[in-house]
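Inspection log for the structure reproduced underneath, given as structure tokens.
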Amino acid sequence: MATQAMPKSNSQPVALAQMQSDWTKPSAMAIPKEGYFKPENGRYGAVYPKTPANYGFTIIAKIKPGTERAIRGYGNKIQETIAGLPEALEVLKLHYLRWVLFDIGSDKYFMYQGIFDTDFDKYTEDAVALFGKYGLNTVFENLEGFPEDWKTNVPAFIKFVREHQCPSFLEYAEYPYASADEIKKALQLKAKFSEMLDLMQ
């Protein structure tokens, strides 16, 4: 198998910079239980590493009773927003979002997974600013313990996110460390190349 596994260590491997420049080989990274290789603080707490899948987080939180329908409605709202304004979430530098509702006993939980190109703190700051720009609310308002003043209290928003984050312990990418912009540029080149070939026939 061509996967590059990261050596077991309490510190980020020296070869990381070299690996980050090579998108041609699949790469896997095992991450310590804490979610980082060495303790280093950013603006709002521990800095999480860039992995082969780039930056991201998984948030799991219990939903407020009776809000499942509203949460699913947010999914429809995002779909409609992107259909009408494809660049609406561009500032977040997202690769993927995945939202899941699931049961634990008689309680229902929400899982938010995001993969993006900016660091943890910038992503959450940009998300709050984005909601303010469009005058939108967040699906997180339906989660127990989410701060009511989140629009004017970015640290409280980020505190909630960090308290409900479940760090991954393995991340894999078939084309590691490639940014969303790089992938889109490659696809644009592919489309132009196909057009050129069509014209030559």
Single residue of the range 109-129 satisfying the filter (of a type in the set (A, V, I, L, M, F, W, C) and either surrounded by fewer than 17 Cβ atoms within 10 Å (Cβ to Cβ) or in contact with a helix residue (DSSP H, G or I) (Cβ under 7 Å, 6 or more places away or on another chain) (or both)) that is farthest from T67 (Cα to Cα) = F116
Could you give every pair whose Cβ atoms fall below 6 Å, whose first residue belongs to the range 68-83 and is among the small types (G, A, S), and whose second residue is at pLDDT 95 or above and in a helix (DSSP H, G or I), counting only separations of at least 6 or pairs across chains?
-> A70/N142
Residue, farthest from P65 (Cα to Cα), within the range 130-172, restricted to residues that are under 16 Å from the mean Cα position of the chain (by Cα) and among the aliphatic types (A, V, I, L, M) | L170
Find the residue count for the range 50-108, including only residues that are of a type in the set (K, R), surrounded by 16 or more Cβ atoms within 10 Å (Cβ to Cβ) and closer than 17 Å to A180 by Cβ.
-> 2
Single unsatisfied condition, T24 versus (1) assigned to a loop (DSSP other than H, G, I, E, B); (2) surrounded by 15 or more Cβ atoms within 10 Å (Cβ to Cβ); (3) of a type in the set (S, T, Y) | (2)
Some residue of the range 54-72 being within 25 Å of V128 (Cβ to Cβ), touching a strand residue (DSSP E or B) at 6+ places or on another chain (Cβ under 7 Å) and either at pLDDT below 85 or small (G, A, S) (or both) | yes
Within the range 168-189, the residues that are part of a loop (DSSP other than H, G, I, E, B) and of a type outside the set (G, A, S) are F169, E174, Y175, P176, Y177
Scan (1) in a helix (DSSP H, G or I); (2) of a type in the set (D, E, K, R); (3) touching a residue at least 40 places away in the same chain (Cβ under 8 Å) for the single condition D198 breaks and write down its number.
-> (3)
Restricting attention to the range 47-74, which residues are under 16 Å from the mean Cα position of the chain (by Cα), not hydroxyl-bearing (S, T, Y) and not in a strand (DSSP E or B)?
-> V47, P49, K50, P52, A53
Which numbered condition trips up K93, out of (1) in contact (Cβ under 8 Å) with a residue 12 or more places away in the chain; (2) under 19 Å from the mean Cα position of the chain (by Cα); (3) on the phi < 0 side of the Ramachandran plot?
-> (3)
Counting only residues in the range 130-140 that are surrounded by 16 or more Cβ atoms within 10 Å (Cβ to Cβ) and either modelled with pLDDT of 95 or more or aliphatic (A, V, I, L, M) (or both), the one farthest from I59 (Cα to Cα) is identified as L130
The range 111-160 - residue that is part of a helix (DSSP H, G or I) and in contact with a strand residue (DSSP E or B) (Cβ under 7 Å, 6 or more places away or on another chain) and, of those, nearest to G35 (Cα to Cα) = F120
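The values are calculated or read from the model by the stated rules, or taken from the named source; none is laboratory data. Remember, it's a predicted structure, so these values are computed and weren't measured experimentally. Reconstructed Cβ throughout: ideal geometry from the backbone, glycine too, with neighbour counts over all protein chains shown.
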